[in-house]
Amino acid sequence: MIKVSDVAYGRIRSPDLDRQEEFLTNFGMVRAERTKTALYMRGTDPEHHIHVTELGDPGFVSLAFNVDSEDELEKAARIDGASPVEEMDEPGGGRRVRLTEPNGYTIEIVHGIGTLQPIEISRFALNMGPERLARKGELTRIDRGPSHVKRIGHAVMMTPDLKKSIAWVRATLGLVCSDDVYAGEKDNIILSFNRVDKGTEYVDHHVFLYIDGPKAGLNHMAFEVQDIDDVIMGHEHMRSLDKYEHFWGLGRHVLGSQVYDYWADPWGRVHEHWTDSDRLNSDTPANLIAFEDGLNSQWGEPIPEKFVAHATE
């Protein structure tokens, strides 16, 4: 078993890189690099890229996870069915091992990808609660436009064999359970929230989920933005364009507690804006949660059927 340290990026294919870049720019990412056959997009954090689009027929290709050392990368190469350690001939460089998860999709284990200078975004203080004078004498004026994506935070896949898939990510990638969600009987798990294991260090509530469903594919990729205003202003920007499908939001989740908003790109791949995740560590026990308690929003609309049933192959 290896222990991944975070999700690194998602990799998809699109027949038109111009349209893909336009969507991702409106969604709040910035081009890191583009070749004749691939687009690499970044956030404001230092990671070289957090989203890769290859030129080709629309589809989902892979998810990538970071490991913290060359030793972990070498260990990944010893997993049954793994590729050798490869030099990555892509912008940002680095090395990787390719695994195949139970549904046939590629999981890239990566290390040593280069970084870029962070993009500075100015934010204002909030006059709230005991900090009612945090912004004394200053006027708040928010610039209209896209959200400012910081980083990729998690990804979700659908699988027709949930039990096998969950067992694989925990035994192979070293993920640990935050919450399992059941419908009806408690042994009928339909959704599993898993986080990275960094011991007593606090990490995001989840980095990867599997959803039980009739086919395998990508449900969505999720990207952290600067704050709640950034989620809402991004929503208003995407809505004003009147050219992309809105999937779900605005709202605040129960499990993970993120404030969220979901949009589909021109080929139906769902991308989430979120902010304000719960952060857990090894002292936090796993939970078993009923569907109606776990997936309803704390505020915002109920989860739509089209979202639960969505999977991009």
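The values are calculated or read from the model by the stated rules, or taken from the named source; none is laboratory data. As the structure is a computational prediction, the values presented were derived from the model and not from experiment. We place every Cβ from the backbone using ideal geometry, glycine too, and count neighbours over all the protein chains shown. Quick note on the areas: whole protein, heavy atoms, side chains included, nothing else; ligands and nucleic acids left out. Shrake-Rupley method; radii C 1.70, N 1.55, O 1.52, S 1.80 Å.
If the segment from Cys177 to Met88 were pulled out straight at 0.36 nm per residue, it would be longer than the present Cα-Cα gap by 28.9 nm.
Of Leu73, Thr100, Leu63, whose Cα points farthest to the positive end of the dipole of the stretch 54-108 (charges on the beta-carbon: +1 Lys, Arg; -1 Asp, Glu; origin at the Cα centre)? Of the listed residues, the answer is Thr100.
Per-residue ellipticity at 222 nm, computed for the chain from helices alone with -39500 (n - 2.57) per DSSP H run of at least four residues, works out to -4500 deg cm²/dmol.
Within the chain, antiparallel bridges make up roughly 70 percent of the DSSP beta bridges whose residues both belong there. Taken as Cα centroids, the stretch 295-313 and the stretch 1-32 sit 22 Å apart, rounded to the nearest whole angstrom. Across the accessible surface of the chain, with the other protein chains kept in place and a 1.4 Å probe, carbon and sulfur atoms take up 47 percent.
Taking the Cα centre of the stretch 1-156 as reference, the dipole from Cβ charges on Lys and Arg (+1) and Asp and Glu (-1) amounts to some 780 debye.
Can you give me the accessible area per residue for the chain, using a 1.4 Å probe, in Å²?
Accessible area per residue, the chain: 45 Å².
Overall, the chain carries a charge dipole of about 280 debye about its Cα centre when +1 sits on the Cβ of Lys and Arg and -1 on the Cβ of Asp and Glu, all other atoms neutral.
Close lysine pairs were tallied over the chain: pairs 8 or more places apart or on different chains with Cα atoms under 22 Å apart number 13.
Among residues other than Asp161 whose Cβ falls under 13 Å from its Cβ, what is the net charge (Lys/Arg +1, Asp/Glu -1)? Here the count lands on +1.
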